Amino acid sequence: MGLSKPGVKLWWMLALLVAPVANAFTDADAVRVFTFARAQLADTVLEMPSVNRSPKASLSNGTWTTVANTDRIAWTQGFFPGSMWYMFQVANEPYWRDRADMWTRPLEVQKTNTETHDLGFKMYNSYGNAYRLTGNPYYRDVLLTSAASLATRYNSTIGIIDCCDWNPAWNIPLVTDTMMDIELLLWGAQNGGPAIWRTMAVNHALRTLQDAVRANGSSFHYVDYNNNGTIRSRGTFQGYSASSTWARGQAWLIYGYTMVYRYTQDARFLTAARRVTDYYLANLPADRVPNWDFNAPSQSKDSSAAAVVASALLELSTLETDATRRTTYRNAALAMLDSLASPAYLAQGTNSPGLLLHGVGNFPAGQEINVSLIYGDYYFIEALLRFNPRPNYPWYSKLDLPRGQHLLGTTNTGTRIVEFDLTPLADNLGGGVVGWTDSSTEVTAFNRLNMALRMSEDGIFQVRNGAGYSWIRRVPYVRGQTYHFRMNVDLLAKRYSVWVTPPGAAEVLLVDRVAFRADGPPIDDLGRVAVISTVTDSDFRVNNHRVYAPTASVAAALEKRTPLPDALWKQLDAPAPVTTGPAVPSER
């Protein structure tokens, strides 16, 4: 689309505003925030009164307000399970898969709810992530039923998803929020649902663009229609005034048009995404976190809007066809993440149970002002994963066997190479173990591990060999030193060799073609690894764990993740231990 001269001037001013800065967001920042998010979400799991309620906003006493998962009008119940699905994506820990599922399934009661336009928020963020990460057809079936329920709200005369039955002052309204919900229809149309769902979503997006987006790219929050489709009124419900632009409403549009373009590849939606994005970026303050409304005299930052836009722009930068815009949008997203991960906005060191401080729920109503918001946290985690889908996230050892497991998939069969780095964080690890087994095996005891590397009580590395442990050379482990391990695993012969590279030394053979555990379970794939302590949580860590076929060694080497700085390891390696189970028995 050609730009007028004023538009060109605005565009180049915008490009300068979001030029790269010295403190651009890094992989190390992402790992630091992921580690904090993991701890906060684990605490929230313990705080929730049951799986039938989900967190919404923080309170001054360090707890959450909660919402019943059966509440048909509330819109936030999908964000907590969605956040846990994202944590499962980070480190493939069954612990997070199981907790996410525990809070996802109670939302099934919403699948036939036709009283709200917000089924997308509720169901796609929970069941959508669940299906994406597991492939379980149960989740897919619930999503399709949910999409059918949302489709009943489509008004064919106006071409919108009708919203907000709870507001008697409106007749047939749309709100900018619904641009997020229509992903449920677009996904459904691509996954077995009728094609008309896609048409509904596209029509809604076009009508929103026509009637809710102003010529300069700013927006109304709502548009209300007469029965014949003419506009009855336009204005705001959560913003400052009818002529202002509510920041999170603008964020929903940026994310929504980016998402619709991803599904449709219709250039009209790329143009729309650019239009609402450019207005947003051109009106940001220096720290890239907006006031709750761009035109309000009252100042209260909304970190949730910033998190939504950071996530959206990281996606938009990959879809954008113009190279300059790609760079501009990505740099803007990194600057937003940099601010959100800073002490000014990250809740670390405060009593907040969430991730982000300074969110605003509904300023005009005096509700949820300057708090942590579960949806802001969700989009922040999503933005981190869009920044780096495979973060170099450390696996810290756990006393509790279920919490120490990580899934590797079902395709690692035949002969495989395993590589990883191991760092002891205590002088004596007391027999801590890194062990491997089949993807279908739940590790409930050490005898469920077919292969194992042990850090013995007398300070050396040992390898499981049949009924005992073996080593060719005594290689001692030292606290704070990182050791690189390489394994050649023959699943058919049930034998494996292990090499270790001590810091500053050459690689040495630790064992050669030793046998899998004699009384171990059946094993067809290298599908699960357990990182288990016997003394205390987090007394050693594993990172850079990779499994690949021998013929893929060059590709695997190229895939090696970015090392994290020593300063970050010093911070991460001193977590507050949380023990949720007894010490494992000595039959390791």
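From the helices alone, meaning DSSP H stretches of at least four residues, give me the mean residue ellipticity at 222 nm for the chain, per-run term -39500 (n - 2.57), in deg cm²/dmol to the nearest 500.
Rounded to the nearest 500, it is -11000 deg cm²/dmol.
Under the 0.36 nm per residue contour assumption, what length would be gained going from the current alpha-carbon distance of Arg232 and Leu319 to full extension?
27.8 nm
What FRET efficiency, computed as 1/(1 + (r/R0)^6) with R0 = 25 Å and r the Cβ-Cβ distance, is obtained for Ala39 and Glu457, rounded to the nearest 0.05?
E(calc), rounded to 0.05, equals 0.25.
Ranked by Cβ crowding within 10 angstrom, fewest neighbours first, how are Met87, Met102 ordered?
Met102, Met87
Taking the 0 to 90 degree range and rounding to the nearest ten, how far is the long axis of helix 374-387 tilted relative to the main principal axis of the chain, both from C-alpha atoms?
The two axes meet at around 60 degrees.
So what is the relative contact order for the chain, in percent, with contacts set as C-alpha pairs under 8 Å and at least six apart?
So the answer I get is 13 percent.
Taking the Cα-to-Cβ direction at Thr70 and at Tyr138 and moving 7 Å from each Cα, how far apart do the two end points lie in nm?
2.0
With only alpha-carbon atoms counted, please give the Rg and Dmax of segment 317-434, in Å.
20.4, 62
Output the 0 to 90 degree angle, nearest 10, between the alpha-carbon long axis of helix 196-212 and the longest principal axis computed from the alpha carbons of the chain.
With both axes taken from Cα atoms, the answer is about 60 degrees.
Give a residue-ordered list of calculated ³J(HN,Hα) values for segment 105-119 (Karplus: 6.51 cos²θ - 1.76 cosθ + 1.60, θ = phi - 60°; whole Hz; x for Gly, Pro).
Karplus values, whole Hz, x for Gly and Pro: 4, x, 7, 4, 4, 7, 5, 9, 6, 9, 8, 9, 7, 8, 4.
Full extension from Arg473 to Arg326: what is 0.36 nm times the residue separation minus their Cα-Cα distance, to one decimal in nm?
47.6 nm
For the Cα atoms of the chain, what angle does the longest principal axis make with the long axis of helix 5-17, in degrees from 0 to 90, nearest 10?
Here the helix axis deviates by roughly 30 degrees.
I want to verify the translational diffusion coefficient of segment 466-514 in µm²/s; compute it with Stokes-Einstein, Rh as the Kirkwood radius over Cα pairs, at 10 °C and 1.306 mPa s.
134
Give, in nm to one decimal, the length gained when the segment between Asn191 and Trp499 is fully stretched (0.36 nm per residue of separation minus the Cα-Cα distance).
The span from Asn191 to Trp499 would gain 106.3 nm if fully extended.
Give the residues of segment 440-468 whose amide nitrogen is closer than 20 Å to a point set 7 Å from the Cα of Asn428 in the direction of its Cβ.
Only 454-463 fall inside the zone, counting backbone N under 20 Å.
What are the residues whose amide H is under 5 Å from the amide H of Ile160, where those residues sit 5 or more places off or on another chain and H is modelled from the backbone?
Excluding prolines and chain starts, which carry no amide H, the hits are Asn155.
Which whole-percent values make up P(r) of segment 395-572 when all C-alpha to C-alpha distances are grouped in 5 Å steps starting at zero?
Answer for segment 395-572: a P(r) of 2, 8, 18, 22, 23, 16, 8, 2, 0 percent.
Tell me, what HN-Hα J-couplings in whole Hz come from the Karplus equation 6.51 cos²θ - 1.76 cosθ + 1.60 at θ = phi - 60° for each residue of segment 138-144, using x for Gly and Pro?
Rounded to whole hertz, the list is 4, 5, 4, 4, 5, 4, 5.
For segment 89-105 and segment 22-77, compute the distance between their C-alpha centroids and round to whole Å.
Spelled out, the Cα-based centre of one part sits 14 Å from the other.
Taking only the alpha-carbon atoms of segment 186-332, what semi-axes of the equivalent ellipsoid follow from 5 times the gyration tensor eigenvalues under a square root, in whole Å, largest first?
For segment 186-332, the semi-axes come out at 24, 22, 12 Å.
Please compute, over every Cα-Cα pair in segment 291-341, the percentage with a separation greater than 13 angstrom.
So the portion of pairs separated by more than 13 Å is 59 percent.
In sequence order, what are the phi-derived ³J(HN,Hα) couplings for segment 51-62 according to the Karplus relation 6.51 cos²θ - 1.76 cosθ + 1.60 with θ = phi - 60°, rounded to whole Hz, with x for glycine and proline?
Whole-Hz 3J(HN,Hα) from phi for segment 51-62: 6, 8, 9, 10, x, 10, 9, 6, 10, 5, 8, x.
Just for the Cα atoms in the chain, what are the lengths along the principal axes, largest first, rounded to whole Å?
82, 49, 49
Can you pull the semi-axes for segment 208-270, root of five times each eigenvalue of the Cα gyration tensor, sorted largest first, whole Å?
Equivalent-ellipsoid dimensions as semi-axes: 21, 16, 9 Å.
Every read-out reported here was derived from the displayed coordinates using simple, explicitly stated rules and does not represent laboratory data. None of the values given here were measured: they were computed from a predicted structure. FYI the Cβ positions are ideal-geometry reconstructions off the backbone, even for glycines, and counts take in every protein chain you see.
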